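Visitor: Dropping a structure here in structure tokens format, bear with me for questions.
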Amino acid sequence: MSDFLKQRSGAPHGFFAAEAAGLKWLSAPGVIPVVDVIDVGEDALRLERLTSVPPSPEAAAEFGRRLAHLHDSGAPAFGWAPAEPAWFGPLDSPFEVSVEPTSSFSDFWVAQRLQPVADDIAAELTPEENATVASAITAVGTGAFDGIAGSGAESPSRVHGDLWSGNLMWTPAGGTLIDPAAHGGHRLEDLAMLALFGTPFLDEIFAGYETVHPMPESWRADLPAHNLFALLAHVRLFGRGFLGQTLGAAREVTDRGVELGA
């Protein structure tokens, strides 16, 4: 088996260890392909080298089914992660995120993800922009998004945590997970990230997912609440070029919260 070396001199302490632990945790249920960890050190992570193939509708549907099984395998708590410290963001500029086990999704999402990043970028935003973000965070904090489309609260899912299309590699084994920010979270976190910047055959992925885990009607309207952290993080990491999309999502979260009775 050939390998792939991911390395960065002076990487933050525990960065590669956290990624390795996340990959092993996602692989543990045996329900979805995950890149194999060969070795890990302070400044490098040695992985199985994957062979890329074009995606297909059939592979996408199968990936959706497997992702649902992964989520259904569960996690100890919202906010729990398989290693500490935990990180989010690209190799050259990740930032640390909290891993405090929490009893509800809304408490975790607000206190450990949304509010810290909103605070980090507040000085770069106008008062009106900050108010738009704050309104969305308040809507999440009501618990309106603890379930799906107003249903009862979800149990913690085993989530990838950064599942945009660049962290999903199509291989002969099927859709394969790489580069996670794995933790106990809400199943819609991963589905929202797949939708955020576009993923090939997204409708087929979602259809496959629902054959294993049926969703309430209008569930997709909840997705902005679950990609708001990633959008805020993009503003933090890359600047105001992502702010328009972020504020649009924040307004959708506030409006959806009203629909759900927040």
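The values are calculated or read from the model by the stated rules, or taken from the named source; none is laboratory data. Only a predicted model underlies this, so the values are computations on that prediction, with no experimental measurement involved. Backbone-built Cβ (ideal geometry, glycine too); neighbour counts: all protein chains shown.
Visitor: Exactly one condition in (1) polar (S, T, N, Q); (2) more than 14 Å from His160 (Cα to Cα); (3) at pLDDT 95 or above is false for Ser2; which is it?
Guide: That leaves (3) as the condition not met.
Visitor: So Ala28 fits all but one of (1) among the small types (Gly, Ala, Ser); (2) modelled with pLDDT under 95; (3) out of contact with any Leu (no Cβ under 8 Å at 6 or more places or on another chain); what number is the exception?
Guide: Condition (2) is where Ala28 drops out.
Visitor: Trp80 - would you say it is farther than 22 Å from Pro224 by Cα and either crowded, with 20+ Cβ neighbours inside 10 Å or under 17 Å from the mean Cα position of the chain (by Cα) (or both)?
Guide: yes
Visitor: Select from region 145-156 the residues that are surrounded by fewer than 24 Cβ atoms within 10 Å (Cβ to Cβ) and at negative phi and list them in ascending order.
Guide: Result: Asp146, Gly147, Ile148, Ser151, Gly152, Ala153, Glu154, Ser155.
Visitor: While we're on this one: Is it the case that some residue within region 15-22 is under 26 Å from Ile205 (Cβ atoms), in contact (Cβ under 8 Å) with a residue 40 or more places away in the chain, of a type in the set (Gly, Ala, Ser) and not in a helix (DSSP H, G or I)?
Guide: No, that holds for no residue.
Visitor: Restricting to region 38-67, and then to whatever is of a type in the set (D, E, K, R) and not in a strand (DSSP E or B), can you tell me which residue is nearest to Met215 (Cα to Cα)?
Guide: Arg65
Visitor: I would also like to ask the following. For region 91-135: of the residues being surrounded by 14 or more Cβ atoms within 10 Å (Cβ to Cβ), touching a residue at least 60 places away in the same chain (Cβ under 8 Å) and outside any helix (DSSP H, G or I), which is farthest from the chain's Cα centre (by Cα)?
Guide: Residue satisfying both the conditions and the ranking: Leu125.
Visitor: Right, another one. Just the residues that are surrounded by fewer than 13 Cβ atoms within 10 Å (Cβ to Cβ), of a type in the set (D, E, K, R) and under 21 Å from Gly175 (Cβ atoms), please, taken from region 15-59.
Guide: Glu58 - this is the single residue of region 15-59 that is surrounded by fewer than 13 Cβ atoms within 10 Å (Cβ to Cβ), of a type in the set (D, E, K, R) and under 21 Å from Gly175 (Cβ atoms).
Visitor: Out of the residues in region 60-77 that are in contact with a Pro (Cβ under 9 Å, 6 or more places away or on another chain) and more than 27 Å from Gly150 (Cβ to Cβ), which is surrounded by the most Cβ atoms within 10 Å (Cβ to Cβ)?
Guide: Checking each candidate, the answer is Phe63.
Visitor: Another one. Does at least one position in region 173-195 carry a residue that is closer than 25 Å to Gln112 by Cβ, out of contact with any Phe, Trp or Tyr (no Cβ under 7 Å at 6 or more places or on another chain) and among the hydroxyl-bearing types (Ser, Thr, Tyr)?
Guide: Scanning region 173-195 turns up no residue that is closer than 25 Å to Gln112 by Cβ, out of contact with any Phe, Trp or Tyr (no Cβ under 7 Å at 6 or more places or on another chain) and among the hydroxyl-bearing types (Ser, Thr, Tyr).
Visitor: What are the pairs, 6+ residues apart or on separate chains, where a residue within region 175-202 that is in a loop (DSSP other than H, G, I, E, B) and modelled with pLDDT of 95 or more has its Cβ under 8 Å from a residue that is crowded, with 23+ Cβ neighbours inside 10 Å and of a type in the set (S, T, N, Q)?
Guide: Listed by first residue and then by second, the contacts come to His186/Ser157.
Visitor: Which of the residues spanning region 2-14 are surrounded by 13 or more Cβ atoms within 10 Å (Cβ to Cβ) and part of a loop (DSSP other than H, G, I, E, B)?
Guide: Arg8, Ala11, Pro12, Gly14
Visitor: Do we have Gly166 as under 25 Å from Val97 (Cα atoms), without any contact (Cβ under 8 Å) to a residue 40 or more places away in the chain, of a type in the set (Gly, Ala, Ser) and not in a loop (DSSP other than H, G, I, E, B) here?
Guide: In short, yes.
Visitor: I'd like the residue in region 132-174 that is more than 29 Å from Val53 (Cα to Cα) and polar (S, T, N, Q) and, out of all such residues, is modelled with the lowest pLDDT.
Guide: Result: Ser151.
Visitor: Only one of these conditions is not met by Glu62: (1) more than 30 Å from Asp107 (Cβ to Cβ); (2) out of contact with any helix residue (DSSP H, G or I) (no Cβ under 7 Å at 6 or more places or on another chain). Which number is it?
Guide: Of (1) more than 30 Å from Asp107 (Cβ to Cβ); (2) out of contact with any helix residue (DSSP H, G or I) (no Cβ under 7 Å at 6 or more places or on another chain), only one is false for Glu62: (2).
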